[in-house]
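The values are calculated or read from the model by the stated rules, or taken from the named source; none is laboratory data. Nothing here was measured: the structure is a model prediction, and the numbers come from that model. Positions of Cβ are backbone-derived with ideal geometry, glycine not excepted, and every protein chain shown enters the neighbour counts.
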Amino acid sequence: MNWPAIRAIYLFEMARTGRTLMQSIIAPVISTSLYFVVFGSAIGGRITEIDGVSYGAFIVPGLIMLSLLTQSVANASFGIYFPKFTGTIYEVMSAPISYFEITFSYVGAAATKSIILGLIILATAVFFVPLRIDHPLWMLLFLVLTAFTFSLFGFIIGIWADNFEKLQLVPMLIITPLAFLGGSFYAVKMLPPFWQTVTLLNPVVYLISGFRWSFYGIADVSVAVSLTMTLAFLGLCLVIAAWIFKSGYRLKA
């Protein structure tokens, strides 16, 4: 492993967070805090509890996942797209660093940013709702796995996109709607039977369900299924990333 090269790319990407602090950290935290206030007060007044958990506390894992998914994809996709746009990616690819190390550097930096953001939102939630974490190690596991999985997914999107419009297409039209419809604000069992079946086709349901279980011990689907689905999506993204570098898809001039 070429650790100096990995460290250089990683630190460069992390330094970009400091230059875009408002966009990367402050704005997502403020918008999520508004969700706590608006949804916790407006809907929480009508839905007092779900499975013994106050509604305000119930939506915390879903809101953290919503921010984690969108920011992981956005950070990683922009991180690799901008070197493509400026042409500096060819300098990186010609350096004595493997494709795995390039991917590991960019994805690792994007995942680190998302994990930091998720922990900040979690700390912020304490000021708005009564919060507990029954399984802290499982919570961290789901947080890290989701951050790395969707950062890798964003990395793939960044390579696929050939303009800034495409860069925003998947996060805005696919990731965010799936997160909203994945049980962020409700339990799947609250839906009619037909829509419960449809909802289970949404892969984000399994991420949010497993993450919520780590907080309160309640889940829409089995924790084992949630973990398996997360690892399966991670494996799929690894296969696609490996094919991209092997074939040179949208990387070779």
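Taking the criterion of being touching a Pro at 6+ places or on another chain (Cβ under 9 Å) and under 17 Å from Ala219 (Cα atoms), would at least one residue in the stretch 148-165 satisfy it? Taking every residue of the stretch 148-165 in turn, none turns out to be touching a Pro at 6+ places or on another chain (Cβ under 9 Å) and under 17 Å from Ala219 (Cα atoms). When we screen Tyr90, Tyr106 for residues that are of a type in the set (Phe, Trp, Tyr) and buried (at least 19 other Cβ atoms within 10 Å of the Cβ), the only hit is Tyr106. Restricting the stretch 222-253 to residues that are surrounded by 15 or more Cβ atoms within 10 Å (Cβ to Cβ) and of a type outside the set (A, V, I, L, M, F, W, C) leaves a set whose member that is nearest to the chain's Cα centre (by Cα) is Thr230. Contact map, the stretch 235-253: first residue modelled with pLDDT of 80 or more, second residue assigned to a loop (DSSP other than H, G, I, E, B) and among the hydrophobic types (A, V, I, L, M, F, W, C), Cβ cut-off under 8 Å, separation 6 or more or different chains; pairs are Ile244/Leu251; Phe245/Leu251. Against the criterion of being among the small types (Gly, Ala, Ser) and either within 17 Å of the chain's Cα centre (by Cα) or within 17 Å of Phe153 (Cβ to Cβ) (or both), Ala219 does not qualify. Restricting the search to the stretch 149-165, which residues are crowded, with 24+ Cβ neighbours inside 10 Å and either farther than 14 Å from Trp243 by Cα or charged (D, E, K, R) (or both)? Within the stretch 149-165, Thr149, Phe150, Ser151, Gly154, Gly158 meet the criteria. In the set Ser209, Ser222, Ser226, only one residue is touching a residue at least 40 places away in the same chain (Cβ under 8 Å) and hydroxyl-bearing (Ser, Thr, Tyr); that residue is Ser226. Here Tyr55 meets each of (1) of a type outside the set (A, V, I, L, M); (2) crowded, with 17+ Cβ neighbours inside 10 Å; (3) within 23 Å of Leu234 (Cα to Cα) with one exception, condition (3). The C-beta contact set for the stretch 13-41 (first residue farther than 13 Å from Asn75 by Cα, second residue loosely packed, with under 14 Cβ neighbours inside 10 Å and not acidic (Asp, Glu), distance under 9 angstrom, 6+ apart or interchain) comprises Ser33/Phe127; Phe36/Phe127. Condition (residue is under 24 Å from Ala161 (Cα atoms), surrounded by 21 or more Cβ atoms within 10 Å (Cβ to Cβ) and not basic (Lys, Arg)) applied to the stretch 28-42: is it met by at least one residue? Yes; the residues of the stretch 28-42 include at least one that is under 24 Å from Ala161 (Cα atoms), surrounded by 21 or more Cβ atoms within 10 Å (Cβ to Cβ) and not basic (Lys, Arg). Kindly indicate whether Phe78 is in a helix (DSSP H, G or I), hydrophobic (A, V, I, L, M, F, W, C), under 16 Å from the mean Cα position of the chain (by Cα) and modelled with pLDDT of 85 or more. Here the answer is yes, as Phe78 does meet what is asked. For the stretch 90-143, a residue qualifies if it is at pLDDT below 90, assigned to a helix (DSSP H, G or I) and aromatic (Phe, Trp, Tyr), and the qualifying residues are Tyr90, Tyr99, Phe100.
Scan the stretch 6-21 for residues that are small (Gly, Ala, Ser) and modelled with pLDDT of 85 or more and jot them down.
Within the stretch 6-21, Ala8, Ala15 meet the criteria.
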